[in-house]
Amino acid sequence: MLQPTERDRLYRLLIVEDERGQRRTLSAILAEEGFEVTACGTAGEALRQLEQQAFGLAVIDLRLPDLTGTQLIEKMRLLNPDILVIVHTAYGSLDSAKLAMNLRAFAYVEKGGDPEELIRQVHAASHWHLERYAADLEAAVEARTRALHEANLTLQQEVGERRRAERELALHRDHLEEIIAQRTRALEESQERLRRADRLASLGTLAAGIAHEINNPLGTIMLAADSARASVENSEFVVEMLDSIKRDVERCGSIVRSVLQFATDQPADRWPVALNGIVRHSLDFTREHAREQDVELIDELGEGRAMVTANPNQLEQVFINLISNAVHACDEAGRVTLVSQDAGDRVRILVRDNGRGMEDAAIKQAFDPFYTTRLGRGGTGLGLSTCHGIVTNHGGEIEIVSELGRGSTVSVELPKTSTE
Ligand SMILES: Nc1ncnc2c1ncn2[C@@H]1O[C@H](COP(=O)(O)OP(=O)(O)O)[C@@H](O)[C@H]1O
Ligand SMILES: [Mg+2]
């Protein structure tokens with residue numbers, strides 16, 4: 001782009017004329033025309049001037065004492081490439097004048113003629129310069145406008161992109177927060193399950209140890225009671241006592257068996273079975289008990305034919321336990337409903353009752369072995385812990401959802417083997 005000083009340069013005019021009188025006259029005339037005139041007597045002096053500052057125009061005599069005019073013009077161009085040169089020389093040096101034209105001088109004015117001609121040519125050169133200057137300015141303005149326009153477009157684009165990015169970010173943030181909340185919930189739940197499984201596993205080891213130790217003395221007591229009974233047939237009282245011992249030993253034996261069942265980590269044989277069939281079988285087992293308690297058993301299992309790979313005896317035990325718990329929880333107009341649900345690659349059985357329900361604290365403890373609220377009424381507290389062990393061993397999950405006073409739903413979810 002053109003600098004402001006560039007315009008001043010266009011009006012700077014260098015006169016190179018060895019003859020003093022001529023030099024003065026020319027200087028006066030051209031200064032009068034509004035140019036900033038510097039006049040030199042030799043080529044050397046002229047080149048020194050050009051080294052110091054740029055000139056727009058030069059009026060040059062071709063015959064100089066130190067260099068020829070053509071040599072001077074060449075050197076001048078090296079220092080000041082777009083200087084416009086007007087050759088001002090005496091009549092008779094036409095060849096030199098031709099040479100000057102070859103050197104791309106702007107004009108050739110013969111010395112001694114009308115000074116108006118020189119003035120005219122100098123103005124013409126100046127005008128030419130100004131036009132170029134104006135054109136350069138215009139181009140510069142145009143380029144600048146274009147650059148501004150482009151910058152503006154880029155800016156608008158950037159603003160648009162930024163807004164879009166901000167919107168996406170906001171969406172993403174909401175989504176992320178939700179994902180984090182979900183993960184946290186899932187993590188808490190699985191931690192709770194892990195804690196429970198851990199506790200049950202160590203309790204299982206303990207219980208199994210105790211049960212094994214008790215089993216042998218129980219057998220010995222039973223044997224002793226049997227043989228004592230055989231030898232005291234004539235004493236009714238002793239027979240009665242021995243029978244009572246035998247009954248209690250029997251009961252202890254059944255508790256020990258339950259404990260061993262809960263604690264067993266021996267994988268039982270498994271094969272593909274229809275889950276609904278197993279649940280219906282469990283219903284048949286518990287029907288009598290339900291009738292006694294005046295509780296209605298409702299089969300809403302539907303047509304589901306989901307297969308699970310399981311040990312049917314163990315699974316039956318699970319559902320018998322759950323149904324009998326539900327029956328026990330009912331007071332009047334009791335209803336226990338069995339529902340089957342499809343859950344993708346899993347199948348879910350719900351055992352739902354409209355009984356007493358459980359508090360949150362009770363739900364947390366319900367799977368603990370020996371936790372029971374039916375102490376002295378046939379409760380052992382081993383039902384749910386055994387169910388938990390069996391279901392977990394089958395790769396499934398067991399959960400309780402309950403509301404105090406309104407009923408409970410225990411759900412058992414097992415991986416499907418295949419569906420028809
Ligand atoms: N469907 C249910 N409704 C209300 N309470 C239940 C239900 N199932 C289990 N419980 C509670 O959980 C306790 C533990 O159950 P469980 O392990 O089967 O032992 P038990 O039946 O011998 O008491 C029960 O004593 C009862 O308080
Ligand atoms: Mg029970």
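The values are calculated or read from the model by the stated rules, or taken from the named source; none is laboratory data. The model shown is predicted, which means the values in this text are computed figures rather than measured ones. Here the Cβ is made from the backbone with ideal geometry for all residues, glycine too, and neighbour counts use every protein chain on show.
Quick notes on this structure:
- Residues of region 181-202 classified as of a type in the set (Lys, Arg) and farther than 22 Å from Gly389 by Cα, total: 2
- Residues being within 7 Å of ligand 1 (Cβ to nearest atom) and of a type in the set (A, V, I, L, M) - total across region 349-378: 3
- Residue selected from region 323-369 under the condition out of contact with any His (no Cβ under 8 Å at 6 or more places or on another chain) and polar (S, T, N, Q), by the criterion nearest to Ala201 (Cα to Cα): Gln365
- Residue ID - surrounded by the fewest Cβ atoms within 10 Å (Cβ to Cβ), chosen from residues in region 26-47 that are in a helix (DSSP H, G or I) and touching a residue at least 60 places away in the same chain (Cβ under 8 Å): Ile29
- Remark: pairs (first residue in region 361-377, closer than 15 Å to Ser408 by Cβ; second residue aliphatic (A, V, I, L, M) and within 8 Å of ligand 1 (Cβ to nearest atom); Cβ separation under 7 Å; 6+ apart in sequence or on different chains) = Ile363/Ile400; Ala366/Met358; Ala366/Leu384; Ala366/Ile400; Phe367/Leu384.
- Exclusive hit being within 21 Å of Ala263 (Cα to Cα) and either among the β-branched types (Val, Ile, Thr) or surrounded by fewer than 20 Cβ atoms within 10 Å (Cβ to Cβ) (or both), set Gly376, Gly381, Gly389: Gly381
- Qualifying position, being part of a helix (DSSP H, G or I), modelled with pLDDT of 90 or more and within 30 Å of Glu17 (Cα to Cα), among Ala165, Ala143, Ala124: Ala124
- Members of region 102-151 found to be surrounded by 13 or more Cβ atoms within 10 Å (Cβ to Cβ) and among the hydroxyl-bearing types (Ser, Thr, Tyr), listed by number: Tyr108, Ser126, Tyr133
- Total residues in region 332-348 satisfying the condition of being over 15 Å from Ser411 (Cα atoms), more than 11 Å from ligand 1 (Cβ to nearest atom) and either more than 44 Å from the chain's Cα centre (by Cα) or in contact (Cβ under 8 Å) with a residue 24 or more places away in the chain (or both): the figure is 4.
- Residue check for Glu296: touching a residue at least 24 places away in the same chain (Cβ under 8 Å), away from ligand 2 (no atom under 16 Å from the Cβ) and among the charged types (D, E, K, R): yes
- Evaluated against (1) modelled with pLDDT of 85 or more; (2) under 28 Å from His328 (Cβ atoms); (3) aromatic (Phe, Trp, Tyr), Phe237 falls short on exactly one condition, (2).
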